[in-house]
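Worksheet: one structure, shown below.
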Amino acid sequence: MKFTLSWLKDHLETGASLDQIVEKLTMIGLEVESVDDKAALKPFVIARVLTAEKHPDADKLRVLSVDTGSGDPIQVVCGAPNARAGLVGAFAAPGTYVPGIDTTLSVGNIRGVESRGMMCSERELMLSDEHDGIIDIVGDAPVGTPFATWAGLDDPVIEIGLTPNRPDATGVYGIARDLAAAGLGTLKQGAMMPVAGQGPCPVKVTIEAPDLCPGFALRLVRGVKNGPSPKWLQQRLLAIGLRPINALVDITNYITFDRGRPLHVFDAAKVNGNLTVRRAQDGEKVLGLDEREYELTSEMCVIADANGVESIAGIMGGEHSGCDENTTDVLVESALWNPIATARTGRELGIVTDARYRFERGVDPEFMVPGLELATKMVVDLCGGTPSESEVVGYEGYAPKTVSFPLSEVKRLTGIEVPRAESLAILERLGFKPSGEGDTVDVSVPSWRPDIEGKADLVEEVMRIHGVDEIAPALGLDGIDDDDSVLPLVHRAAAGLDARGVVALIAGRRHVVRLDHRAAAAHLALDVDPAVAVKRLRRRIAGEVVADVLVLRGEKAAVAVLALGDVDDQVPLLHLRASIRMALRPAPVGQARFNSSKVSVQGSISSRQELAAMPSVPICCGRGEVSTLAQPERSTSRPWPSR
């Protein structure tokens, strides 16, 4: 999940520095994988073309005299058709790396004329695909000023690694909410005011598969002008690795990342009749927006009109009804899709999209209609047009889940005494609604947290905001048998991998290499010095042994391998997530190695997408350092390897 610092501050009022924000994100479980401070754009400066003379030996080249604000004019040979005297643009001196062409400049000789730099196009700075001419700044731009600073392009990009149980953090607003709850600022108001519509939506929706689609909202906006989106929107999408397409599509992509709410737009002129949400017919085909044809099965959910399938529900729209520069009337869709069915369809078709990534985790059902309102407002603001009233079908409203929460569980599971008032305040800042007196309170779970199942999950919420760094690494390991020998337990752990599956390989303080219950398809190697004290813990929940924890204690490190029964056995995995938690920081997906003077543990898993689609429990324990090895090539469809 990527976002820019300014984007975050759209939702978070804070005076915190970038370093403080990065540190706090990691401490509350949203591990920062990388920060791009846009250093690559710092060498580019604003420059003015003083003269532009025809090249003596090339009709399409010009020899420019360029003022960069650093002294004497610089000679540059340029082939851009818009190069002219008086133009103000972005200049790169020799030695500058130009990201759009993956080249480091040097002093050149072009047809016998020396060139000491380059006037750049937008594509060369990776600002857009525009390369028909060099950047032509309109208005006052001080020569010699860093171009990125003047253009607002020096906005740091933060990338965090999300665990599958945090769908609320797939939008920038949700990340801002967590930071505000952690005391790093104030969350700005995110409520959406309804946009008035004129007349009912002429396109009606019928849901024939309510188990696959529990809600669907639709709206028609007439008379739009669908051109390029504004620069600020294009820049934000480019910053997170998305290619701007057109205003209507860019709006849906923006809201997907801003609020974790995927949307879809249909060209209304290409939709024949009303829409039906149904199961596909075996062998039915659709041409996707990626220009690939997909053959569907009766287990897959689609949106269809009288012509046939127009969209693979929750995953990808169809090429036939896509919006382009000729679109004047647009249907905006905001719907809810069954997470399991979405994940299964995506895997079977080999499609990975930002929409699938969110729907298979579970989006906020209460933001279905507000998401449509936000999209409507942006469409009208950026493209014009007149909206109809909304057509909302199937949604019965959110029934809040209530969890009985003994506040004493925080101390019992973590060893840390968190005052009652602080625990309740943390939950309230995160959007939970606790009620009741005494030690046990009833906690109403917000609609954006489908992962919260029980009291141990609430302990985790309290502790990640209170500070998991305060949990001592040896707490909670009662009942350890000091007489256990080393090798039998190592062999037992390896056997447990094959027989039952490993849910988590714990390696390092706030670092976890996560494997799920299918990890028998992965490999695990333990290289343990026999001198290391090995201790064993059997965790009991409801009187039944549900886990073995192998604790390898070294001089500088503690490592644990947690072996659980298969999830099909209905083991209460979520209870375990907090019951032996000592820290909270997942390592990057791929391969990771834990090394100390005493212990070496290696684990290997498949792609991030495959891991994310499978149930896993991020359990943390131990201290040490983690170094990332080569990450596996990302794939849209990769089966788990067989032994």
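The values are calculated or read from the model by the stated rules, or taken from the named source; none is laboratory data. All values reported here derive from a predicted model rather than from experimental measurement. For neighbour counting, all protein chains shown are included, and Cβ atoms are generated from backbone atoms with ideal geometry for every residue, glycine included. All accessible areas refer to the heavy atoms of the entire protein, side chains included, with ligands and DNA or RNA removed. Shrake-Rupley method; radii C 1.70, N 1.55, O 1.52, S 1.80 Å.
Within the set Lys9/Lys270; Lys9/Lys38; Lys24/Lys231; Lys231/Lys377; Lys225/Lys285, which residue pairs have Cα atoms separated by over 29 Å?
Lys9/Lys270; Lys24/Lys231; Lys225/Lys285
How much length, in nm to one decimal, is gained on full extension between Leu50 and Ser408, taken as 0.36 nm per residue of separation minus their Cα-Cα distance?
Length gained, Leu50 through Ser408: 121.5 nm.
By accessible area of protein heavy atoms, probe 1.4 Å, what ranking do Ile74, Ile452 get, highest first?
Solvent-accessible surface, decreasing: Ile74, Ile452.
Between the range 128-167 and the range 211-239, what is the C-alpha centre distance in whole Å?
Cα centroid to Cα centroid, the span is 22 Å.
Under a plain spin-label model, where a point goes 7 Å from the Cα along Cα-to-Cβ, how far apart in nm are Met193 and Ile137?
For the pair Met193/Ile137, the computed spacing is 3.7 nm.
Could you tell me the calculated FRET efficiency between Glu325 and Asp442, based on Cβ-Cβ distance and R0 = 41 angstrom, to the nearest 0.05?
Approximately 0.15, to the nearest 0.05.
Quick check: net charge around Gly95, other residues with Cβ under 13 Å of its Cβ, Lys/Arg +1 and Asp/Glu -1?
Net of charged neighbours comes to +2.
Checking the cross-link filter: which lysines have an alpha carbon closer than 19 Å to that of Lys401, excluding same-chain neighbours under 8 positions apart?
Lys433, Lys455
What is the diffusion coefficient of the range 1-155 in µm²/s, taking the Kirkwood radius over Cα pairs and the Stokes-Einstein relation at 37 °C with a viscosity of 0.692 mPa s?
Answer, rounded: 190 µm²/s.
Give me the percent relative contact order of the range 305-453, please, defined on Cα pairs under 8 angstrom at least 6 residues apart.
In percent, rounded to a whole number, it is 19.
Once both labels are modelled 7 Å past Cα along the beta-carbon direction, what's the Arg116-Glu130 spacing in nm?
About 3.0 nm separates the two model spin labels.
What's the center-to-center distance, using Cα atoms, between the range 302-357 and the range 44-101 in Å?
Centre-to-centre (Cα) distance: 46 Å.
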